[in-house]
1. Give me the number: length gained by fully extending residue 94 to residue 79, i.e. 0.36 nm times residue separation minus the C-alpha to C-alpha distance, one decimal in nm.
2. Expressed as a whole number of Å, what is the distance separating the alpha-carbon centroids of region 70-104 and region 1-56?
3. With an 8 Å cut-off on Cα pairs and a minimum separation of 6 or more residues, tell me the relative contact order of the chain in percent.
4. Which value in nm describes the separation of the simple spin-label points at residue 64 and residue 87, placed 7 Å from the Cα toward the beta carbon?
5. Compute the length gained on full extension between residue 22 and residue 72: take 0.36 nm times their separation in residues and subtract their Cα-Cα distance, giving the result in nm to one decimal.
6. So what's the back-of-envelope 222 nm ellipticity for the chain, counting only DSSP H runs of four-plus at -39500 (n - 2.57) apiece and dividing by all residues, rounded to 500?
7. Apply the a/c threshold of 1.5 to the C-alpha gyration tensor of the chain and tell me whether it is rounded, prolate or oblate.
8. With bins 10 Å wide starting at 0, give me the P(r) of region 40-96 over every alpha carbon pair, in whole percents.
């Protein structure tokens, strides 16, 4: 299943309190970047973030989800209507997110 452009736009609107949010379309899904680091993505119209310690502690009871077959589990963000929470979540996660790889 592919994610809808409408759901992408909704997620981006919910993240609009953050500066430097971007995305990249990838095989019908969307990778979400925060300040040039991959923070999560939209897969099958579900918003998933990387399971870094900050995210795990802020969403202790969150469900995990697999973005696509063969991928590592990620955290399903269910409280997507809460912009303040999303802003705090992404800011807390930032230092733990892997730096972008250098292209050859």
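Values quoted throughout were computed directly from the atomic coordinates according to the rules given, and no laboratory measurement underlies them. Model, not experiment: these values are computed from the prediction. Backbone-built Cβ (ideal geometry, glycine too); neighbour counts: all protein chains shown.
1. Net length gain for the segment: 3.5 nm.
2. Region 1-56 and region 70-104 have Cα centres spaced 8 Å from each other.
3. Worked out over the chain, it gives 26 percent.
4. Those two pseudo-labels are separated by 3.1 nm.
5. Details: separation 50, 0.36 × 50 = 18.00 nm, distance 2.19 nm.
So the chain would gain 15.8 nm between residue 22 and residue 72.
6. -7500 deg cm²/dmol
7. Details: a/c = 1.15, a/b = 1.07, b/c = 1.07.
Cα axes put the chain in the rounded bin.
8. That works out to 25, 59, 16, 0, in percent per bin.
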